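Have a look at the structure below, then the notes.
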Amino acid sequence: MVVLAASIISKSGKALVSRQFVDMSRIRIEGLLAAFPKLVGSGKQHTYVETENVRYVYQPIEALYLLLITNKQSNILEDLDTLRLLSKLIPEYAPSLDEEGVCKAAFELLFAFIEAISLGNKENVTVAQVKQYCEMESHEEKLHKLVMQSKINETKDVMRRKVTEIEKSKTDRGKPDKGGFGSLRTPNSFSDMGIRGGGPQGDPIFGDMDSFTHKAKGRPSAPAPASASTKVPGGMKLSKAQKTNQFLESLKAEGEVILEDTQPSATQSRSSYIPPSDPITVTIEEKLNVTVKRDGGVSNFDIQGTLALQILNDTDGFIQLQIENQDVPGLNFKTHPNINKELFNSQQIVGAKDPNRPFPSGQNETPLVKWRIQELNESSLPLAVNCWPSVSGNETYVNIEYEASEMFDLHNVVISIPLPALREAPGVRQIDGEWRYDSRNSVLEWSIILVDQSNRSGSLEFTVPAADPSTFFPISVGFSASNTFSDLKVTAIRPLREGSPPKFSQRNRLVTNNYQVV
């Protein structure tokens, strides 16, 4: 079989898209296309027309014709098979089946025709494979973009931190002296909490641990010179900001595309000087570490949770948190050493041992309570994944299904299945969701944006060349949810000093740290 040309023409013979697969002059192809409408008789049910030299194999598509021009010695059955494949490709790329829609997608249609027909002969491909070949996804390109974006985000984080330090130093210099201020350094952990505090408001409850044990209660911290805390950060910020701007401008001049952060990450939002809408933010997070056996059973089911607090203003640090949680087997809490454990165990109130010391304020979150759940069984899994590989002849048929628990609505579910080394993408026969083949790591990624009441179960079926069933393990699973196993939440915030309770917001999330089927 030899296909001379594949074209899309109007009813009048106007060529909209045409791809020639043999040497042919433009005048000849235009003459052949212009002669076609005169050869098609009205009321006939044929799908081909023959002349002395060529054969036209065609299919009407609304107001257009999809046309193959072949030699008379070609196999008509193969021609019709090629015609069917091209007719399925056109709606995948053209926004509408008219002249305007075809012209808009002209180059995409040409590329698809090239993937379907090579040197006049039909390739043994499907519509999904043609679309994948035309997308030409490059793992190296994605990696390069991620690296560049991470560098840009890191530079912006440095700029924001310096801006925050300068603004704080300006605010401190404008305040009257009421006993001095401590270091402007923001806390990074329980053992490193050197934030400012002192004067009549008291020392921070999570201050420097060495000074905390030696100072008398209620004694204000020593004043620090204002010039020492403001001169150095200011100078560093200005020089780095100028260098950063020059760096970004040079990238733009070289033709690099600089992407703006339309959705800042959690680190960026914490480091940004623009404060949240609420003065107090409570973050409740649980991380899953799960290992499920392929034949049934769970070898590891560990949940680690954290309650973290972020306070923007020093005056809001004199508070207590009233919490409640669901009674879950194997739930064990652990509080920070400076939290009143008796109050927490008896009334589920998170408060300081010394009520005269506030919780730390700043842009960083401070972990107050941690917990762990270890006595759950397989029935409590948020998502169960079963894999059934079977070898038949020269192929391996792999069926994978998931079943989600009624407890959670899962977001951004990604199931990664390792594959043997392949020359081409696996043949996906059926899927609930979307799939992507990572040829560099030889992994098939099955993605479902949202798993809720409408799709608690789903399946994937694909084929690869004959391979050992153990090749498809371990399967890695990733997802997130907006509720947790412990269902821990802050029900109220109680101020320890006069005034109305401050406004607060809380964020609950369940994420996977290591979730595998082995």
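The values are calculated or read from the model by the stated rules, or taken from the named source; none is laboratory data. Bear in mind that the values here come from a model prediction, so they are computed numbers and not experimental data. Positions of Cβ are generated from backbone atoms using ideal geometry, with glycine treated the same way; all protein chains shown enter the neighbour counts. The protein model used for the area step is the full one, side chains on, heavy atoms only, and it has no ligands, DNA or RNA in it. Shrake-Rupley method; radii C 1.70, N 1.55, O 1.52, S 1.80 Å.
Pairs are defined by a Cβ separation below 8 Å, a sequence spacing of at least 6 or placement on different chains, a first member in region 57-81 that is among the hydrophobic types (A, V, I, L, M, F, W, C), and a second member that is assigned to a helix (DSSP H, G or I) and open to solvent by 40 Å² or more (accessible area, probe 1.4 Å); the pairs so defined are Val57/Ile76; Val57/Leu80; Ala63/Glu99; Leu64/Glu99. Condition (residue is modelled with pLDDT under 80 and touching a Phe, Trp or Tyr at 6+ places or on another chain (Cβ under 7 Å)) applied to region 70-83: is it met by at least one residue? No, every residue in region 70-83 fails to be modelled with pLDDT under 80 and touching a Phe, Trp or Tyr at 6+ places or on another chain (Cβ under 7 Å). Would you check if there is a residue in region 369-378 being out of contact with any helix residue (DSSP H, G or I) (no Cβ under 6 Å at 6 or more places or on another chain), open to solvent by less than 40 Å² (accessible area, probe 1.4 Å) and farther than 30 Å from Ile319 by Cα? Yes; the residues of region 369-378 include at least one that is out of contact with any helix residue (DSSP H, G or I) (no Cβ under 6 Å at 6 or more places or on another chain), open to solvent by less than 40 Å² (accessible area, probe 1.4 Å) and farther than 30 Å from Ile319 by Cα.
Being hydroxyl-bearing (Ser, Thr, Tyr), in the same structural domain as Phe113 (by the TED database) and touching a helix residue (DSSP H, G or I) at 6+ places or on another chain (Cβ under 6 Å), is that true of even one residue in region 62-74? The answer is yes, given that some residue of region 62-74 is hydroxyl-bearing (Ser, Thr, Tyr), in the same structural domain as Phe113 (by the TED database) and touching a helix residue (DSSP H, G or I) at 6+ places or on another chain (Cβ under 6 Å). When each of Ser480, Ser459, Ser500 is tested for being touching an Asp or Glu at 6+ places or on another chain (Cβ under 8 Å) and of a type in the set (Gly, Ala, Ser), the lone residue that passes is Ser459.
A quick yes/no check of all residues on (1) open to solvent by 50 Å² or more (accessible area, probe 1.4 Å); (2) without any contact (Cβ under 8 Å) to a residue 60 or more places away in the chain; (3) hydrophobic (A, V, I, L, M, F, W, C); (4) on the phi > 0 side of the Ramachandran plot:
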| position | (1), (2), (3), (4) |
| --- | --- |
| Val477 | no, no, yes, no |
| Asp487 | yes, no, no, yes |
| Thr491 | yes, no, no, no |
| Arg494 | yes, no, no, no |
| Ser500 | yes, yes, no, no |
| Gln506 | yes, no, no, no |
| Leu510 | no, no, yes, no |
| Asn514 | yes, no, no, no |
| Val517 | no, no, yes, no |
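Looking across region 103-112 at every residue that is within 33 Å of the chain's Cα centre (by Cα) and touching a residue at least 40 places away in the same chain (Cβ under 8 Å), the one that is most open to solvent (accessible area, probe 1.4 Å) is identified as Leu110. Filtering region 64-84 to residues that are open to solvent by 10 Å² or more (accessible area, probe 1.4 Å) and touching a strand residue (DSSP E or B) at 6+ places or on another chain (Cβ under 6 Å) leaves Tyr65, Lys72.
Restricting region 313-334 to residues that are open to solvent by 40 Å² or more (accessible area, probe 1.4 Å), part of a loop (DSSP other than H, G, I, E, B) and touching a residue at least 12 places away in the same chain (Cβ under 8 Å), the residue that is nearest to Thr164 (Cα to Cα) is Asn313. Comparison of Ser87, Ser96, Ser138, Ser118 shows that the only residue that is polar (S, T, N, Q), within 14 Å of Leu66 (Cβ to Cβ) and surrounded by fewer than 16 Cβ atoms within 10 Å (Cβ to Cβ) is Ser87. In this structure, is Arg55 basic (Lys, Arg), open to solvent by 80 Å² or more (accessible area, probe 1.4 Å) and on the phi < 0 side of the Ramachandran plot? So Arg55 does not fit the description; no. The residues listed here are Ser416, Ser439, Ser482; of these, the one that is surrounded by 17 or more Cβ atoms within 10 Å (Cβ to Cβ), touching a residue at least 12 places away in the same chain (Cβ under 8 Å) and of a type outside the set (A, V, I, L, M) is Ser416. Any residue at all in region 335-346 that's of a type in the set (Phe, Trp, Tyr), open to solvent by less than 50 Å² (accessible area, probe 1.4 Å) and part of a loop (DSSP other than H, G, I, E, B)? Looking for residues that are of a type in the set (Phe, Trp, Tyr), open to solvent by less than 50 Å² (accessible area, probe 1.4 Å) and part of a loop (DSSP other than H, G, I, E, B), one finds none in region 335-346, hence no. For region 60-178, the helices (runs of 4 or more DSSP H) that sit wholly inside it and include 2 or more residues that are touching a Pro at 6+ places or on another chain (Cβ under 8 Å) and over 30 Å from Asp314 (Cα atoms) are 99-104. Scanning region 292-312 for residues that are in contact (Cβ under 8 Å) with a residue 12 or more places away in the chain, open to solvent by 30 Å² or more (accessible area, probe 1.4 Å) and in a strand (DSSP E or B) yields a count of 4. Please indicate, with yes or no, whether at least one residue in region 30-51 is touching a residue at least 40 places away in the same chain (Cβ under 8 Å) and open to solvent by less than 30 Å² (accessible area, probe 1.4 Å). Within region 30-51, none of the residues are touching a residue at least 40 places away in the same chain (Cβ under 8 Å) and open to solvent by less than 30 Å² (accessible area, probe 1.4 Å). Against the numbered list (1) touching a residue at least 60 places away in the same chain (Cβ under 8 Å); (2) under 16 Å from Ala6 (Cα atoms), Glu123 comes up short only at (1).
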